[in-house]
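This report refers to the structure that appears directly beneath it.
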Amino acid sequence: MKIFPAIDLLNEKVVRLYQGDYQQQEVFGEDPVAFAKSFEEKGAKYLHLVDLDGAKDGALRYFTTAEKIVSQTDLFVEVGGGIRDEETVERCLAAGVHRVIIGTLPQKNPTLAKTIIQKYGDKIAVGVDARDGKVAVEGWLETTETDAFDFCKELASWGTKTIIFTEISRDGTGQGINIPLYQKLLTIEQVEFVASGGVATLADITALKEIGIPSVIVGKALYKGDLKLEDVLKEGE
């Protein structure tokens, strides 16, 4: 199982939000590159990097941070937050980012999103962020009328290789993972799902692994010390 420790950036600091609320943030540090290096030292091979300012503003702001992490570590780095055009996708990939996450774009401009997905294949992941079963966009500030499960099926039909599915109500809360939700998502074929939002215990990792989820993002539980990365990595083996 692939374990992705998460680094969320806001105001150039490493933060965690509660249920995606920009007003409910905890700051954990000011050097994201140091965090990435420490994850790697503890055995991580993957990193989930999100530009929260970019997600809100609609333009990737911390490109240089991503560039530094890629050049100073051997981590597989995926980057998201405010990536709304092909030029930014190209720029990230050219800098060595391994996978680019688009979230708002497939809702706002499905034609362009479909083109990007089909052109870049497994170098693209789509972030599907669900609030009460509906897709949220623009840094989770706007909730659409689109059913999240149906949207995942549509994305699969476009040829999407990876979907990062986040249940916003659980993100940053430590409530644990909604296993039945991911069991339902696994009925969608030809897509690799990454579970995100609410991982609180090693039992969450075990349960996801047992149902066949291949990848999981772990954030706040690591920062708060509820989970040790070494233990999570071992559980995911």
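The values are calculated or read from the model by the stated rules, or taken from the named source; none is laboratory data. Worth saying up front: this structure is predicted, and the values here are computed from it rather than measured. Reconstructed Cβ throughout: ideal geometry from the backbone, glycine too, with neighbour counts over all protein chains shown. Side chains are part of the model used for accessible areas, which takes the heavy atoms of the whole protein and leaves out ligands, DNA and RNA. Shrake-Rupley method; radii C 1.70, N 1.55, O 1.52, S 1.80 Å.
Structure above, values below:
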| item | result |
| --- | --- |
| Options 74, 53, 8, 31; residue that is within 19 Å of residue 137 (Cβ to Cβ), over 13 Å from the mean Cα position of the chain (by Cα) and among the acidic types (Asp, Glu) | 53 |
| Conditions (1) at pLDDT 95 or above; (2) at negative phi: number failed by residue 18 | (1) |
| Within the stretch 89-111, tally of residues that are out of contact with any strand residue (DSSP E or B) (no Cβ under 8 Å at 6 or more places or on another chain) and under 16 Å from residue 127 (Cβ atoms) | 3 |
| Pairs where the first residue, in the stretch 186-199, is under 11 Å from residue 176 (Cα atoms) and touching a residue at least 12 places away in the same chain (Cβ under 8 Å) and the second is open to solvent by 60 Å² or more (accessible area, probe 1.4 Å) and part of a loop (DSSP other than H, G, I, E, B), C-beta under 6 Å, 6+ apart | 198/175 |
| Checking residue 64 against (1) in contact (Cβ under 8 Å) with a residue 24 or more places away in the chain; (2) more than 25 Å from residue 230 (Cβ to Cβ); (3) polar (S, T, N, Q), the condition it does not meet | (1) |
| Qualifying residue in the stretch 94-106 (condition: basic (Lys, Arg) and surrounded by fewer than 15 Cβ atoms within 10 Å (Cβ to Cβ)) | no |
| Matching residues in the stretch 122-134 - criterion: being under 20 Å from residue 185 (Cβ atoms) and either assigned to a helix (DSSP H, G or I) or not β-branched (Val, Ile, Thr) (or both) | 122, 125, 127, 129, 130, 131, 132, 133, 134 |
